[in-house]
Each structure stands twice: as C-alpha cells, then as structure tokens.
Amino acid sequence: MASPREWASDLAFSPDGRVLACSGASTDIEFRDVATGEIISAIYTHQGRAGRIAWSPNGRQLASLGTDQFLRVWEPETGTMLLELLVGTSEVVMGTLFAIAFSPDGRQVAASARDCAIRVWNVDDGQLLHTLTGHEDTIGGLCYTSSGDRIISNSLDGTVRVWDLHSGAGLQTMRGARFRLRHLALAPDDRHLFSAGDDLRLWDIHTGRQVLKLTDQSCFRIALSPDGKRLLGCLEGGTIVIWDGSPLP
C-alpha cells in the first residue's frame, strides 16, 4: 500500500476500521479500502501539506490541519468541506509539528498552531469556545479524556499539561528531566498517559508523577491498542517497537 505521492505525514483509521485516511507531501488526503489497499477517493484539502488528520468518533467527518494554517472539517463520503477555520493568525508560520483532536461526542474539535496555543471550536457553527495558553513551544500531541471535559497536551517545551474545559484552566503540569515531546496516547483508564519525545515515559496524570520510562531512545509517534495492552512506537532510525502486555500498574 503506497503512501500519497512521496511520503505520509499522518495516517488515521476510520472508527469502523474499514478505511485508512492518509496525508502526506501532497495537498491531497487519500482514502483507502483497508481490505484491498485500493484508493476509494481523494480530496484536495490545503494549499500546503495536508498535515495532521483525525476522524470524528462516528466516522462521518474528517478534520485536517495543514501547513496553510487552516483547520478544515470534511465529509469524506462526498468530499464536501463542512467547516474552515484559521488556526492562530495569518502571521503564524506553521511547521510540521502540530496537533488535532475531536472530542468524544464529536461536537468539538481542538487544534494547535505554531503560536503554542490550543484552540477549541464548536464543529456545528465554528464558534471558538476556548483558547488554552501556557506552553512555551510547539505542541506535538493532543487528546481528550473520555468524559470530554479535559484536554491533555504535550510540547517541545518538555511539559505535559492537563486542561479543564469548564474553566479553561491548567490542572496539572508534568515535566521530565530531558525530553522534547512530540506525541502522546491516553490509556482507557483516563489516568495513565504515554508521552513520546526524546524518550518515552508513562505518567499518572492524577498525581502528576512518572510511573516508568520505557526507553531512552527518541520516539516520534506512538499508538496504543484500544484495550491499552499494546503500545507501538516509532523510534529514531525508523525502528518500530511493540510493547506487549499491560504496562499499567
């Protein structure tokens, strides 16, 4: 299964696991049938690279965040653009490290730009609901808790932060000894968080304490199985590692 044009910058399975969305060096997002590997459709999404992508929980929408600084929400079945939002300001020059996430109910979408802020919008009307500030460098990872009332982020500034969406306040800040953070994955218990960067660590976000360090090697992307018992990591040099068995205490 070839990636779009030259290389892939993000991959996302649809919630039912039947379709793989892929963004890359081109401006397109391709949709592939997982069973056959064939391209089902493609949409022209951004003036620059399509960048990060995320499916809505019901699989009816796909959000993309491109290097043109726009967040767009699409209907993959028809290729129709449902929403277009400028992330940050026109003066922001975005790099390749940014993040995007839907809330569990699909009613909100959160995204980060190069200005180190997290913005949360209502998907239906594009209303800006929150602007979360506190990170001092580019945000690499972003996710909601299953309740939808908290967002967790990590950043090249070396911190993991937990945000309350009722008040917009920061609830917890965790910092490691040395690591620029690029990606994260939250366990099904909504308490244990894997944070990847110059190393890979497991945190307890309730206490703010580090539980364990899985590797000292740089880790760029991670993915956690739905049951939380397998973690896949892409390490420096292109090595893929799978940690098997529940790593949680």
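The values are calculated or read from the model by the stated rules, or taken from the named source; none is laboratory data. Remember, it's a predicted structure, so these values are computed and weren't measured experimentally. Here Cβ is always computed from backbone atoms with ideal geometry, including for glycine, and neighbour counts include all displayed protein chains. SASA here: full protein model, heavy atoms, side chains in, ligands and nucleic acids out. Shrake-Rupley method; radii C 1.70, N 1.55, O 1.52, S 1.80 Å.
Counting only protein heavy atoms and using a 1.4 Å probe, what share of the accessible area of segment 97-243 belongs to carbon plus sulfur, as a whole percent? If you can, show how the numbers build up before the last one.
Working: 2760 of 6300 Å².
Here it works out to 44 percent.
Per-residue counts of other Cβ atoms within 10 Å, averaged by peptide: what ranking do you get for 38-46, 76-84, 62-70, highest first? Walk me through the numbers before you get to the answer.
Values: 38-46: 16.1, 76-84: 13.7, 62-70: 22.9.
Most protected by this proxy first, the peptides run 62-70, 38-46, 76-84.
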Quiz item: Pick from ALA21, ALA185, ALA169: which is most flexible by mean-square fluctuation in a GNM of the chain where alpha carbon atoms under 10 Å apart are linked?
Solution: ALA169
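Taking square-rooted eigenvalues a ≥ b ≥ c of the alpha carbon gyration tensor, is segment 191-238 rounded, prolate or oblate, where a/c under 1.5 means rounded and, failing that, a/b exceeding b/c means prolate?
Verdict is oblate for segment 191-238.
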Exercise. When a/c is below 1.5 the answer is rounded, else prolate if a/b is larger than b/c, else oblate, so apply that to segment 26-76 with a ≥ b ≥ c taken from the square roots of the Cα gyration tensor eigenvalues.
Key: oblate
Exercise. Identify the residues of segment 179-209 with backbone N under 12 Å of a label point that sits 7 angstrom from the Cα of LEU235 along the Cα-to-Cβ direction, or state none.
Key: 199-200
Exercise. Leaving ligands, DNA and RNA out of it, rank CYS234, CYS22 by accessible area with a 1.4 Å probe, largest first.
Key: CYS234, CYS22
Quiz prompt | Over the chain, volume per residue of the alpha carbon convex hull, in Å³ | solution = 123 Å³
Quiz item: Accessible area, 1.4 Å probe, largest first: how do TRP243, TRP55 sort?
Solution: TRP243, TRP55
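Let me check against my output: what whole-number percent is the relative contact order of the chain, with C-alpha pairs under 8 Å and at least 6 apart?
On the way: 662 pairs, mean separation 19.7, N = 249.
So the answer I get is 8 percent.
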Self-check item: Å² per residue, accessible surface of segment 145-225 at 1.4 Å
Solution: 41 Å²
